[in-house]
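Here the structure comes first, spelled out in structure tokens, and everything after it is commentary.
The values are calculated or read from the model by the stated rules, or taken from the named source; none is laboratory data. Everything numeric in this text was worked out from a predicted model, so none of it was measured. Note that we place each Cβ from the backbone using ideal geometry, even for glycine, and neighbour counts take in every protein chain shown.
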Amino acid sequence: MAKSLLFSFHLLLFFSTVSFIDSATNSSCPLDLSYVQTYPWDRSQCLDPDGKLCCQTLTSLVGIGLALYLRETSMFQLPNETASSSCLSDFQHNLAALSINPSLVAACFPDKYQFVTRPSSCAGIVTTKDWRKLVGPTSALDSDCKNMTGFTQCSSCVEAGYKVNSQLVSIQQNSTKCFYFAILYAAGILNDPKDEATAACILGLPLSTSGSKNSSSNDRVIKIVVALLGALLGVLLAGGLIIMYRKWYKKRKRNALHEEFVRSFKDSVLPNSGAKWFRESELDQATGGFSQKNLIGQGASGIVYKGTLEDGTLVAVKQITDLDTKGDEEFINEVEIISKIRHRNLLSLRGCCVSSDDEKGKRRFLVCDFMPNGSLGDHISNALTRKQLAWPQRKKIILDVAKGLAYLHYGLKPAIYHRDIKSTNILLDSEMKAKVADFGLAKQSLEGQSHLTTRVAGTYGYLAPEYALYGQLTEKSDVYSFGIVILELMSGRKVLETSNSSFLLITDWAWMLANSGKVDEIFDEFIREEGSRAVMERFVRVGILCAHVMVALRPTIADALKMLEGDIDIPTLPERPLPLTHESFKASPSRYSFLMTNERSIATSGMTSTISSV
């Protein structure tokens, strides 16, 4: 029977917002509250003029009725507001018969919604069937809350209630009444709610001295519980102070780190970038509070919103994500890389923002010009928009990308390797001019030498085999990805086509058709009759050559651009390993099978995820 006051306290919170409506009729109340006049409960607190503890007593008294209702109907709460109001009216009449001021009911239960069944109260539980589905056929309550006989039993039941509460709250975090449901279950299902020991321990109802057979024992238990509560409050107070100090210390440390980062960023990075420093409030206003309607793209490195600055300028605001894993490395890298770029086919940086607070944590934003025609990937993946991409537009887009890459590789010292060239990172302005974007993974070269790295970053399907397998990064790693983009745009085909359990890389598919003299079948059906067959074939062959497995057989981006423009001849396409799905491979494995198997494993690992492994 220990800790009854603690249960009573929780019951008080559970029922303290129940309503009372004078106009309700007794006939609609499903509870039989006649026990109120006959049960040996201690009425002294409700007869006291102050009546400070009466609400606690009344909530425990109502708990008997709800526990009986649960036992009879398997329902944890009443079916509707009318039933709740009627039960309180009935409760008021029974108290009046005991010369207890009826106004106490309205004072103790001011809100009319608490009695009504709601799935949101505790993990969707409405009936005992729901309870057993989540808790199981048996729980700690079943073993520790039967036959309340003394202090030890009562204490164990309290602990069992907390265990079940934790289990249910973990299922639905915003549940607020799971502990109270545990009380009703223990009293109504596992015990007789009218049993005095059950009422005193589980429901926390004070019993009258004359009516209780164990009054002296109850008094001792109450004194013990009061002492325990005092000790518990002391522990909670001390624990609360410790938690508050830790939160304060962490907040202070976090704020200090943020201020240091902002100071360093403004002093060392921002002055060299030529970018504007935006306040988050400006970006919030520009994007309508980062509303869903202004969301224009989401990828592995960030979320992009359309925004309108105060002067009417349309911008794209990119919020860098996954900062907990990557820290600020990619953000600073992108700002530093873009600050070096001044080219019509590369997306330049307009500004940036760094902020942090307790509620949202740290946030990093990049602000660039808005590209009204979206990404190339959007157009290729949609048959309707792909149909509208005429051959002259496709030709110009490919040349634009090639010129942008050539500037990165040869127009800057040291050169920059993009490392994530793909159709979704190629943006189109209002005139369908292509701009290469997203420099979060870009890396500066080491004086033109091959760069070896243990950290491979990029997108599956577009990664050059030597880079994905061995971490060997050169300018030709970007050339491979560029070749894939050419073939995508020329064919309208996905990077990897799957059929049943087989698959075919776009590079294998295009090479087989070109090698057998069927280049026409590579062209997208929407452009086959539009342009010069010879020019379109030249673009396809450059794409196949750029995306060759062997690094040495790929051209540089400078040579690829000359081939595309017809300034130099395209060499005969070198042999390429046959795909594993080819019939001849089964009879006579190619001498390149090892490379092909590796390339196949890279491509089939996934097509849209960005990898970053150390």
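Would you mind stating whether Gly307 is in contact with a Lys or Arg (Cβ under 7 Å, 6 or more places away or on another chain) and of a type outside the set (S, T, N, Q)? Spell out how you get there, then give the answer.
Working: in contact with a Lys or Arg (Cβ under 7 Å, 6 or more places away or on another chain): no; of a type outside the set (S, T, N, Q): yes.
In short, no.
Could you please give the count of residues in segment 387-398 that are part of a helix (DSSP H, G or I) and touching a helix residue (DSSP H, G or I) at 6+ places or on another chain (Cβ under 6 Å)?
Of segment 387-398, the ones part of a helix (DSSP H, G or I) are 387, 391-398.
So of that shortlist, the ones also touching a helix residue (DSSP H, G or I) at 6+ places or on another chain (Cβ under 6 Å) come out as 394, 398.
The total comes to 2.
Restricting attention to segment 167-180, which residues are crowded, with 21+ Cβ neighbours inside 10 Å and either in a loop (DSSP other than H, G, I, E, B) or at positive phi (or both)? If the condition is that a residue be crowded, with 21+ Cβ neighbours inside 10 Å and either in a loop (DSSP other than H, G, I, E, B) or at positive phi (or both), then Lys177 is the only one that fits.
Checking Ile337, Ile332, Ile380, Ile341 one by one, the residue that is closer than 27 Å to Ala406 by Cβ and in a loop (DSSP other than H, G, I, E, B) is Ile341 and no other. Among residues of segment 264-294 being at pLDDT below 70 and not hydroxyl-bearing (Ser, Thr, Tyr), the one that is nearest to the chain's Cα centre (by Cα) is Phe265. Do we find that Gly312 is more than 31 Å from the chain's Cα centre (by Cα), at pLDDT 65 or above and in the same structural domain as Ser355 (by TED's automatic domain parsing) in this structure? Taking the combined requirement at face value, the residue satisfies it. Residue pairs whose Cβ atoms lie under 7 Å apart, separated by 6 or more positions or on different chains, with the first residue in segment 158-186 and closer than 16 Å to Thr128 by Cβ and not assigned by TED's automatic domain parsing to the domain that holds Ala140 and the second buried (at least 20 other Cβ atoms within 10 Å of the Cβ) and of a type in the set (Phe, Trp, Tyr), do not occur.
Residues in segment 412-419: is at least one among the hydrophobic types (A, V, I, L, M, F, W, C), part of a loop (DSSP other than H, G, I, E, B) and closer than 28 Å to Thr308 by Cβ? No, every residue in segment 412-419 fails to be among the hydrophobic types (A, V, I, L, M, F, W, C), part of a loop (DSSP other than H, G, I, E, B) and closer than 28 Å to Thr308 by Cβ.
Condition first: small (Gly, Ala, Ser) and surrounded by 22 or more Cβ atoms within 10 Å (Cβ to Cβ). Now tell me which residues in segment 365-385 satisfy that. Write out each step before concluding.
Within segment 365-385, the first condition is being small (Gly, Ala, Ser), and the residues that meet it are 374-375, 377, 381, 383.
Once the filter is applied, which keeps residues that are small (Gly, Ala, Ser) and surrounded by 22 or more Cβ atoms within 10 Å (Cβ to Cβ), segment 365-385 yields only Ser375.
Report yes if Ala552 is without any contact (Cβ under 8 Å) to a residue 12 or more places away in the chain and over 22 Å from Ile426 (Cα atoms), otherwise no. Explain how you work it out, then say what you get.
Working: without any contact (Cβ under 8 Å) to a residue 12 or more places away in the chain: yes; over 22 Å from Ile426 (Cα atoms): yes.
Taking the combined requirement at face value, the residue satisfies it.
The number of residues in segment 517-573 that are in contact with a Pro (Cβ under 9 Å, 6 or more places away or on another chain) and more than 25 Å from Tyr410 (Cβ to Cβ) comes to 2.
Report yes if Ile522 is aliphatic (A, V, I, L, M), closer than 20 Å to Leu389 by Cα, in contact with a Phe, Trp or Tyr (Cβ under 9 Å, 6 or more places away or on another chain) and buried (at least 19 other Cβ atoms within 10 Å of the Cβ), otherwise no.
Details: aliphatic (A, V, I, L, M): yes; closer than 20 Å to Leu389 by Cα: yes; in contact with a Phe, Trp or Tyr (Cβ under 9 Å, 6 or more places away or on another chain): yes; buried (at least 19 other Cβ atoms within 10 Å of the Cβ): yes.
Yes.
Screening Asp195 with (1) buried (at least 19 other Cβ atoms within 10 Å of the Cβ); (2) within 22 Å of Leu33 (Cα to Cα) gives one miss only, at (1).
For Ile183, the conditions (1) surrounded by 18 or more Cβ atoms within 10 Å (Cβ to Cβ); (2) touching a Cys at 6+ places or on another chain (Cβ under 9 Å); (3) in a helix (DSSP H, G or I) are fulfilled apart from (2).
Please work out which residue is nearest to Ser99 (Cα to Cα), limiting yourself to segment 45-64 and to residues that are modelled with pLDDT under 90 and touching a Pro at 6+ places or on another chain (Cβ under 9 Å).
From segment 45-64, those modelled with pLDDT under 90 are 45-63; that's our starting set.
Filter again for touching a Pro at 6+ places or on another chain (Cβ under 9 Å), leaving 45, 53, 56-57, 60, 63.
Details: Gln45: 13, Leu53: 17, Gln56: 18, Thr57: 16, Ser60: 19, Gly63: 21 Å.
Among those residues, the one meeting the criterion is Gln45.
Being buried (at least 17 other Cβ atoms within 10 Å of the Cβ), modelled with pLDDT of 85 or more and of a type outside the set (Lys, Arg) holds for only one residue in Leu190, Leu203, and it is Leu190. Screening Ser103, Ser99, Ser121, Ser85 for residues that are over 24 Å from Ile202 (Cα atoms) and under 44 Å from the mean Cα position of the chain (by Cα) leaves exactly one candidate, Ser85. Regarding Leu141, is this residue hydrophobic (A, V, I, L, M, F, W, C) and under 21 Å from Gln173 (Cβ atoms)? When the stated conditions are applied, Leu141 does not pass them.
If you scan segment 193-209, which residues turn out to be farther than 14 Å from Ala67 by Cα and either touching a strand residue (DSSP E or B) at 6+ places or on another chain (Cβ under 8 Å) or assigned to a loop (DSSP other than H, G, I, E, B) (or both)? Selection gives Pro206, Leu207, Ser208, Thr209. If the condition is being assigned to a loop (DSSP other than H, G, I, E, B) and either of a type outside the set (A, V, I, L, M, F, W, C) or closer than 15 Å to Gly517 by Cα (or both), then segment 528-550 contributes Arg528, Glu529, Glu530, Gly531, Ser532, His548.
Yes/no per residue for (1) at pLDDT 85 or above; (2) surrounded by fewer than 22 Cβ atoms within 10 Å (Cβ to Cβ); (3) out of contact with any His (no Cβ under 9 Å at 6 or more places or on another chain):
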| residue | (1), (2), (3) |
| --- | --- |
| Ala406 | yes, yes, yes |
| Gly411 | yes, yes, no |
| Lys422 | yes, no, yes |
| Asn425 | yes, no, no |
| Val436 | yes, no, no |
| Phe439 | no, no, no |
| Leu473 | yes, no, no |
| Ile484 | yes, no, yes |
